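Peer 1: First the structure, then my questions, so here it is.
The values are calculated or read from the model by the stated rules, or taken from the named source; none is laboratory data. None of these values were measured; they are calculated from a predicted model. Positions of Cβ are backbone-derived with ideal geometry, glycine not excepted, and every protein chain shown enters the neighbour counts. Areas reflect the complete protein model, heavy atoms only, side chains present, ligands, DNA and RNA absent. Shrake-Rupley method; radii C 1.70, N 1.55, O 1.52, S 1.80 Å.
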Amino acid sequence: MLLAFTEQGSGPVVVLLHGFPLSRVMWAEQLKTLSESYRVIAPDLRGHGESPAPDAAYTMDLMADDVVELLDGLGVSEPVVVGGLSMGGYVALAMALKHPGRVRALMLIDTKAAADSPEAAQTREETAQAVLKAGNSGEVVAAMIPKLFGKSTLARHPDRVEPLKAEMEKTSASGVAGALRGMAIRPDRREQLAEIAVPTLVIVGEDDVIAPPAEARAMAEALPNGRLEVVSDAGHLAPYENPDAVDQAILGFLQGLN
Ligand code: MLT
């Protein structure tokens, strides 16, 4: 699958994987800041942004394979730093476990290692069917918006909500359904965290209600080489809501790898 992507800067490669149902647009601030010292590659995962949206369940392994294929196409064979937000974090974890030789370090942002409960998986399937029937992502976007942003973003930067909402609304029904069905069958990775030896930065917005700080802390503790950063003034979209704090955390982590 040929993914759309943005590439900026030169130096060691940092790959950034967006959340659901978003696109590489969410990394605009990180692309600007990190590309001063790194080659940043931000793809649109299948079904999202400008990438193709086939009718299928997009498993996390399949999306990780897409990212490896993109790196192969760009001639990047050395291990890279992979960061992912929420669904992008599920994909980053899949990549670290399925393609360990391609991953030098991980950044798991506003994400979790646990699988869906049977009820959550069932709700995803119902939502996938409703979205396919409606032919657009409106229902899923309306349900997600109140949970995505932290209270300080809603109070102080309400203008930041609309651009991302508009981006989410562009995601096609087949893209939304494919991702929902893939996430519903993603495996529980909690036991496998112990196998991930590479340095891993776990970042979470203090007000994240979708992947809350307690889950981030548990993940960081289970990772042999994990470190936790809790970001203030942010909910589930910490890199977008408080880019300065997230960029500082990421740059400190990346500098420590050299
Ligand atoms: C995301 O932000 O990618 C989603 O909230 C992930 C999920 O639905 O599990």
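Peer 1: I want to verify a result. In a Gaussian network model of the chain, Cα cutoff 10 Å, which of these has the top mean-square fluctuation: Leu237, Leu85, Leu71?
Peer 2: Of Leu237, Leu85, Leu71, the Gaussian network model singles out Leu71 as fluctuating most.
Peer 1: If you roll a 1.4 angstrom probe over the protein chains with everything in place, what fraction of the accessible area of the chain belongs to carbon and sulfur, to the nearest %?
Peer 2: Its accessible area is 52 percent carbon and sulfur atoms.
Peer 1: How long is the gain from Lys32 to Leu74 if the chain were fully straight, where each residue apart is worth 0.36 nm and the alpha carbon distance is subtracted? Working shown, then result.
Peer 2: Values: separation 42, 0.36 × 42 = 15.12 nm, distance 2.03 nm.
Answer, rounded to one decimal: 13.1 nm.
Peer 1: Right, another one. Whose amide H sits under 5 Å from the amide H of Val13, counting only residues 5 or more places off or on another chain, with H placed in the peptide plane?
Peer 2: Those qualifying (amide H under 5 Å, at least 5 residues apart or on another chain) are Arg39, Val81.
Peer 1: Can I ask one more? Enumerate the calculated ³J(HN,Hα) couplings along the stretch 223-230 in order (Karplus 6.51 cos²θ - 1.76 cosθ + 1.60, θ = phi - 60°), each rounded to whole Hz, writing x wherever the residue is Gly or Pro.
Peer 2: Residue by residue, the stretch 223-230 yields 7, x, 10, x, 9, 10, 10, 9 Hz.
Peer 1: How high is the relative contact order of the stretch 1-56, in percent, counting Cα pairs under 8 Å that sit 6 or more residues apart?
Peer 2: Answer for the stretch 1-56 is 48 percent.
Peer 1: Any chance you could run the full-extension gain for Lys165 through Val209? It's 0.36 nm times the residue separation minus the Cα-Cα distance, nm to one decimal. Kindly include the intermediate steps, with their values, before the conclusion.
Peer 2: Values: separation 44, 0.36 × 44 = 15.84 nm, distance 1.79 nm.
That works out to 14.1 nm of additional length.
Peer 1: Sticking with the crude label model, points 7 Å out along Cα→Cβ, report the distance from Ala130 to Leu257 in nm, one decimal please.
Peer 2: Each label point is offset 7 Å from its Cα along the Cβ direction, giving 3.9 nm.
Peer 1: Here's a follow-up. Counting heavy atoms of the protein chains only and a 1.4 Å probe, report the per residue accessible area for the chain as a whole number of Å².
Peer 2: 40
Peer 1: If you don't mind, there's one more thing I want to ask. For Cα pairs less than 8 Å apart in space and 6+ apart in sequence, what is the mean separation divided by the residue count of the stretch 5-255, i.e. the relative contact order in percent?
Peer 2: Numbers: 550 pairs, mean separation 55.3, N = 251.
This gives 22 percent for the stretch 5-255.
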